[in-house]
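The values are calculated or read from the model by the stated rules, or taken from the named source; none is laboratory data. Predicted, not measured: the structure shown is a model, and the values here were computed from it. Here the Cβ positions follow ideal geometry from the backbone for every residue, glycine too, while neighbour counts run over all protein chains shown.
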Amino acid sequence: MNNQLPQLFLRHKLNPILNAANWPYQVNSVFNPGAVRLTDGTTLLLCRVEDRRGLSHLCAARSVNGVDDWQIDSEPTLMADPKRFPEELWGIEDPRITYVPELGQYAIVYTAYSRSGPGVALALTEDFHHFERYGMIMQPEDKDAALLPRRIDGRWALIHRPVGATSAQMKRDKNMWISYSSDLHNWGGHKHILEARLGGWWDANKIGLSPPPIETSQGWLVIYHGVRQNAAGSIYRLGLALFDLDAPERCLKRGDEWVFGPEEPYEQRGDVDNVVFPCGYTLGADSDTINLYYGAADTSIAMATGSVRAMLRWLEEHS
């Protein structure tokens, strides 16, 4: 462990807390879960489960303490449905869950893998048993998306990561954007909010939203992932940024350094080496303690604890 790194997140001693061996049916790997604390206090993880064909679906695991004794659905909770939604032909992946008080439902934004590549899809649920699918709301190539829990100036807001070519630089941009909608179906007002840095930075190759933003009195606190390419391959690490509450396209602060990266063997070796990739978190009753649930090396699920206030203080000092 490098003691010079900011210790904003503490790994749980039971890590990894879930893997393929825990599943009630045969799978290849389990990773990148969305997370929510239900009204009864139960933690629900909506896990990305990759089968032995290489295609993914979503499956719910529930725990009273959010750490162990997981009760896992005996069959897939949400499967791809390519007959009705052909954009899900090659599976569904990486869910982010937001509870939306106005709707009284949970919004699940996930990646649908189509013939043209990954796109952003949306489903609503009250109970994680019945789902209302909206289909693909952002066309390929697009992913790493989450819905904000309330309207901004009367419109819903979605953070996502489209990929496009820029003729000026002759490269593919992999930056974070925000888009707005009045009905959750049709989206516009697209605005660029955070870009991958140039050069040798830890987030120089591409960036994307990790879990949904955290609403604080100071702004929307965003944990994002950055990818650096080196001679050995890619390294996925996490950084912090803060966005204006009423104009979330406006970045107020961005940390220069990464705050969490692959260090443990279960994060450094797996189906995809050197990856920590959170899609969800839960907040404690103090509205400060955060349990961050992340995919480790695209093979298992791990958990780390931290503090919202500590992240905000760190941004104040390092942005």
Give me a count of the residues in region 282-291 that are loosely packed, with under 15 Cβ neighbours inside 10 Å and within 15 Å of PHE260 (Cβ to Cβ). 0
Checked region 103-141 for anything closer than 18 Å to ASN186 by Cβ and charged (D, E, K, R); matches are GLU132, ARG133
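Which ones in region 99-113 are over 14 Å from ARG48 (Cβ atoms) and crowded, with 21+ Cβ neighbours inside 10 Å? Steps first, please.
Initial filter on region 99-113 (over 14 Å from ARG48 (Cβ atoms)): 99-107.
TYR106, ALA107 - these are the residues of region 99-113 that are over 14 Å from ARG48 (Cβ atoms) and crowded, with 21+ Cβ neighbours inside 10 Å.
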Do we find a residue being small (Gly, Ala, Ser), modelled with pLDDT of 95 or more and in contact with a Gly (Cβ under 7 Å, 6 or more places away or on another chain) anywhere in region 205-214? no
How about region 241-282: which of its residues are in contact with a Lys or Arg (Cβ under 8 Å, 6 or more places away or on another chain) and among the polar types (S, T, N, Q)? THR282
Just name the residue that is nearest to GLU88 (Cα to Cα) out of those in region 106-158 that are among the small types (Gly, Ala, Ser) and in a loop (DSSP other than H, G, I, E, B). SER116
Among the residues in region 177-185, are any more than 27 Å from SER287 (Cβ to Cβ) and at pLDDT below 95? no
Name the single residue that is farthest from LEU292 (Cα to Cα) among those in region 232-250 being in contact with a Leu (Cβ under 8 Å, 6 or more places away or on another chain) and crowded, with 20+ Cβ neighbours inside 10 Å. PRO248
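Of the residues GLY104, GLY164, GLY154, which is under 18 Å from ALA247 (Cα atoms) and more than 20 Å from the chain's Cα centre (by Cα)? Explain how you work it out, then say what you get.
Working: GLY104 fails: under 18 Å from ALA247 (Cα atoms); GLY164 fails: under 18 Å from ALA247 (Cα atoms).
The match here is GLY154.
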Out of ARG96, ARG172, ARG150, report the one residue that is under 20 Å from LEU209 (Cβ atoms) and at pLDDT below 95. ARG172
From the list ARG53, ARG96, which residue is in contact with a Pro (Cβ under 7 Å, 6 or more places away or on another chain) and basic (Lys, Arg)? ARG96
Kindly list, by first and then second residue, each pair from a residue in region 16-33 that is farther than 12 Å from ALA61 by Cβ to a residue that is assigned to a loop (DSSP other than H, G, I, E, B) and at pLDDT below 95, limited to pairs with Cβ atoms under 9 Å and residues at least 6 apart or on different chains. none
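Checking the condition over 17 Å from the mean Cα position of the chain (by Cα) and without any contact (Cβ under 8 Å) to a residue 60 or more places away in the chain, which residue from ARG254, ARG228 passes?
Sole residue among the options that is over 17 Å from the mean Cα position of the chain (by Cα) and without any contact (Cβ under 8 Å) to a residue 60 or more places away in the chain: ARG228.
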Filter region 71-93 down to residues that are crowded, with 17+ Cβ neighbours inside 10 Å and in contact with a Lys or Arg (Cβ under 7 Å, 6 or more places away or on another chain) and give me whichever is farthest from GLY208 (Cα to Cα). PHE85
Residues in region 284-306 that are over 12 Å from GLU264 (Cβ atoms) and touching a Pro at 6+ places or on another chain (Cβ under 6 Å): how many? 3
Out of LEU44, LEU14, LEU10, report the one residue that is within 20 Å of the chain's Cα centre (by Cα), within 21 Å of VAL275 (Cβ to Cβ) and of a type in the set (A, V, I, L, M). LEU10
Is it the case that THR111 is in contact (Cβ under 8 Å) with a residue 12 or more places away in the chain, touching a strand residue (DSSP E or B) at 6+ places or on another chain (Cβ under 6 Å) and more than 19 Å from LEU221 (Cβ to Cβ)? yes
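Filter region 227-265 down to residues that are assigned to a loop (DSSP other than H, G, I, E, B) and not acidic (Asp, Glu), then give me how many there are. It would help to see each step written out before you state the result.
Step one: list which residues in region 227-265 are assigned to a loop (DSSP other than H, G, I, E, B), which gives 231-232, 244-250, 255-259, 261-264.
When the remaining residues are screened for being not acidic (Asp, Glu), the result is 231-232, 245, 247-248, 250, 255, 258-259, 261-262.
Going through region 227-265 one residue at a time, the tally reaches 11.
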Just give me the residues in region 292-305 being buried (at least 21 other Cβ atoms within 10 Å of the Cβ) and either part of a strand (DSSP E or B) or touching a His at 6+ places or on another chain (Cβ under 8 Å) (or both), in sequence order. LEU292, TYR293, TYR294, GLY295, ALA296, SER300, ILE301, ALA302, MET303
Going by what's in this entry, would GLN4 be described as loosely packed, with under 14 Cβ neighbours inside 10 Å and at pLDDT below 95? yes
